[in-house]
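The values are calculated or read from the model by the stated rules, or taken from the named source; none is laboratory data. No experiment lies behind these values; they were computed from the predicted model shown. Here Cβ is always computed from backbone atoms with ideal geometry, including for glycine, and neighbour counts include all displayed protein chains.
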Amino acid sequence: MQGLMMEYPLTLTHFLERARRLFPKKEIVSKMPGGALHRYTYADMTARAARLANALKKLGVAPGERVATFGWNSYRHLETYFAIPCSGAVLHTLNIRLFPDDVSYIANHAEDKVVIVDASLLPAFEKIAPQLKTVEQYIVMADAPFETSLPNALDYETLLAESSPDFEWQRLDEQSAAAMCYTSGTTGKPKGCAYSHRALFLHALGAASADSLGISERDVALPIVPMFHVFAWGVPFAATMVGAKQVFAGPNMQPQDIAELIQNERVTIAAGVPTIWIGLLAFLEREQYDLSSLRVMPVGGAAAPPALIETFQKKFGVQILHAWGMTEMSPLGTVARVKPEMLALPEAEQFRVRFKQGRPVAGVEIRAVDEAGNEVAWDGATMGELEVRGPWIIRAYYNSPGSEDRFHDGWFRTGDVVTIDADGYIQIVDRTKDLVKSGGEWISTVELESAIMGHPKVLEAAVIAVPHAKWQERPLACVVPKPDSAGQISKEEILEYLQTKFAKWWLPDDVVFIDQIPKTSVGKFDKKVLREKFKEYALAE
Ligand code: ADP
């Protein structure tokens with residue numbers, strides 16, 4: 001027997017129309033280049049998205065064609081998030097922090113037809129544009145008159161002013177592509193993910209649900225994670241769906257900017273990678289800000305150090321929600337919330353649960369497999385490669401022959417090594433390529449560096465594998481002291497601090513002190529650069 005429910009396509013148009021009808025007065029606030037605050041409402045946003053859809057149609061953008069963005073987090077970027085997919089085209093967010101050669105590779109691979117660029121990023125983008133082979137039109141988002149070498153560039157505001165605020169949104173196929181993102185290519189060339197409307201719709205429901213990130217109409221959402229990085233983890237889509245107030249920081253990403261926005265806009269949920277919050281925490285130890293509005297801070301993209309989670313909770317009453325995801329997963333996979341039965345446990349044990357990456361969000365299935373591809377036990381100890389499947393996880397990379405080995409019996413292979421405990425909480429042990437393989441045994445660099453970052457004199461730490469004559473590889477700790485502890489911390493202090501926490505053979509063979517940990521384009525520790533730098537580092541036998 002068939003169900004008798006309507007055929008109703010799950011598309012982003014539903015969110016746009018919903019926001020227009022139900023939340024017209026709700027505010028969207030953006031801190032612009034230069035620091036000025038821009039404020040408007042969902043009524044303004046949805047009307048301007050319709051104008052942009054009309055403008056793109058006039059420019060000849062056909063369904064399925066790629067319209068790229070090269071921008072900071074802002075209200076205009078939010079308009080493109082809806083205007084492009086809801087008019088049938090494909091939103092392609094380009095990563096503004098990649099090397100020019102990578103951006104042009106990605107834009108050419110995706111065959112972008114139009115690129116919408118922030119005026120403040122023109123100097124960077126103008127270096128990329130000559131390499132672009134398929135782009136026919138550039139559009140510049142500017143607050144003031146601008147000059148550019150981009151051929152025939154159009155002004156975003158003029159285009160909108162000349163277009164109607166009414167657009168007849170068509171009924172789209174939910175399986176059609178709404179958007180694209182490329183992985184940042186930590187190994188090999190970047191690879192493209194093509195997200196369907198259906199995937200982004202279901203992902204927004206999954207992200208907003210109470211036991212996941214839990215985003216509601218009462219929230220004020222500040223995604224610090226960039227809109228070019230997997231749609232700021234889907235926060236803008238989920239926030240628009242529920243009608244939350246949205247706050248965008250633009251290029252203003254210093255700890256003081258973030259603290260001010262949280263305090264002044266009464267932000268309740270702020271999401272970002274650990275490095276952002278490590279910086280904010282150090283700042284808050286010196287400066288007084290009122291963060292009492294903050295309800296929850298989803299942190300992911302890299303392991304959140306336990307000390308970060310604990311200090312925010314104990315000193316500022318802010319709950320960090322540790323989450324794990326991937327570009328290939330739209331991106332949300334797991335969220336570490338304490339089960340109600342665990343609330344009676346001692347505080348330290350509850351923290352141990354929250355330090356893990358959490359349980360899968362409804363819609364995501366997980367399993368861990370050994371090297372032979374067999375599933376390993378959910379015992380919290382046996383390591384295996386994490387595999388996932390679900391409606392917002394890719395089934396193939398875009399136009400990427402040779403990447404079939406990332407899939408296994410209908411599952412996507414994440415490249416992350418994990419343990420899964422009996423309650424279904426995953427713990428990321430490492431990325432397969434970052435693990436230290438010492439004499440046939442594995443050492444987790446993530447666990448070591450998370451522990452080192454708990455030392456009161458340490459700001460940041462990254463652990464890498466360096467070649468070793470006897471053991472093949474051994475761990476080397478690269479440590480950045482806090483500014484007031486520089487020169488006052490020794491290798492012995494770090495090793496002594498780790499001694500009680502790890503087996504002796506896990507301890508780093510050496511500790512080097514450096515000024516900063518190199519970061520990737522999205523603010524994660526770039527261990528590739530460190531590995532290269534220390535590849536000939538001589539460890540004692
Ligand atoms: P990339 O870092 O390659 O650009 P993504 O942004 O998609 O790509 O990153 C996904 C990867 O980031 C995951 O496979 C995992 O290794 C890492 N990651 C994400 N969240 C966490 C977390 N909470 N803890 C540890 N690692 C994480």
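The table for this structure:
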read-out	value
Pair list, Cβ under 9 Å, 6 or more apart: the range 55-68 residue farther than 14 Å from Thr134 by Cβ, other residue loosely packed, with under 15 Cβ neighbours inside 10 Å	Ala55/Glu162; Lys58/Glu162; Pro63/Gln170
The one condition in (1) modelled with pLDDT of 95 or more; (2) surrounded by fewer than 20 Cβ atoms within 10 Å (Cβ to Cβ) that Tyr195 fails to fulfil	(2)
Pair list, Cβ < 9 Å and 6+ apart or interchain, from the range 312-329 residues that are without any contact (Cβ under 8 Å) to a residue 60 or more places away in the chain and near the ligand (Cβ under 7 Å from one of its atoms) to residues that are of a type in the set (Ser, Thr, Tyr) and part of a strand (DSSP E or B)	His322/Thr334
Matching residues, the range 177-228, being within 11 Å of the ligand (Cβ to nearest atom) and closer than 11 Å to Ser330 by Cβ	Cys181, Cys193
Count of the range 391-402 residues which are in contact (Cβ under 8 Å) with a residue 60 or more places away in the chain, in a loop (DSSP other than H, G, I, E, B) and not aliphatic (A, V, I, L, M)	5
From the options Glu441, Glu447, residue that is in the same structural domain as Ile517 (by TED's automatic domain parsing), buried (at least 17 other Cβ atoms within 10 Å of the Cβ) and at pLDDT below 95	Glu447
Some residue of the range 54-65 being within 24 Å of the chain's Cα centre (by Cα) and buried (at least 18 other Cβ atoms within 10 Å of the Cβ)	no
Some residue of the range 406-422 being of a type in the set (A, V, I, L, M) and away from the ligand (no atom under 16 Å from the Cβ)	yes
Test: Ala107 is surrounded by fewer than 23 Cβ atoms within 10 Å (Cβ to Cβ), within 22 Å of Asn152 (Cβ to Cβ) and out of contact with any Cys (no Cβ under 8 Å at 6 or more places or on another chain)	no
Leading residue by the ranking (nearest to Ile420 (Cα to Cα)) among those in the range 352-374 that are within 23 Å of the chain's Cα centre (by Cα) and in a helix (DSSP H, G or I)	Val353
Sole exception among (1) away from the ligand (no atom under 16 Å from the Cβ); (2) free of Cβ contacts under 8 Å to residues at least 24 places away in the same chain; (3) closer than 22 Å to Ser450 by Cα for Arg352, by number	(1)
Lone qualifier among Arg295, Arg367 - being over 19 Å from Met227 (Cβ atoms), within 16 Å of the ligand (Cβ to nearest atom) and not hydroxyl-bearing (Ser, Thr, Tyr)	Arg367
Among the residues listed as Asp405, Asp484, the single one being part of a helix (DSSP H, G or I) and within 30 Å of Ala110 (Cβ to Cβ)	Asp405
Subset of the range 145-176 that is charged (D, E, K, R) and touching a strand residue (DSSP E or B) at 6+ places or on another chain (Cβ under 7 Å) - its residue that is farthest from the ligand (Cβ to nearest atom)	Asp155
Options Asp526, Asp484, Asp515: the member that is within 31 Å of the chain's Cα centre (by Cα) and within 16 Å of the ligand (Cβ to nearest atom)	Asp526
Residues of the range 275-307 that turn out to be surrounded by fewer than 24 Cβ atoms within 10 Å (Cβ to Cβ) and either outside any loop (DSSP other than H, G, I, E, B) or β-branched (Val, Ile, Thr) (or both), as a count	11
Candidates Ala362, Ala372, Ala344, Ala336 - the one that is more than 16 Å from the ligand (Cβ to nearest atom), in contact with a Gly (Cβ under 8 Å, 6 or more places away or on another chain) and among the aliphatic types (A, V, I, L, M)	Ala362
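Conditions tested, residue by residue: (1) surrounded by fewer than 23 Cβ atoms within 10 Å (Cβ to Cβ); (2) within 16 Å of the ligand (Cβ to nearest atom).
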| position | (1), (2) |
| --- | --- |
| Val230 | no, yes |
| Lys245 | yes, no |
| Gly250 | no, no |
| Met253 | yes, no |
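Yes/no matrix, rows are residues, columns are (1) modelled with pLDDT under 95; (2) of a type in the set (Gly, Ala, Ser); (3) closer than 25 Å to Thr158 by Cβ:
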site	(1), (2), (3)
Thr13	no, no, no
Arg18	no, no, no
Lys26	no, no, no
Val29	no, no, yes
Ala36	no, yes, yes
Ala43	no, yes, yes
Ala47	no, yes, yes
Arg51	no, no, yes
Ala55	no, yes, yes
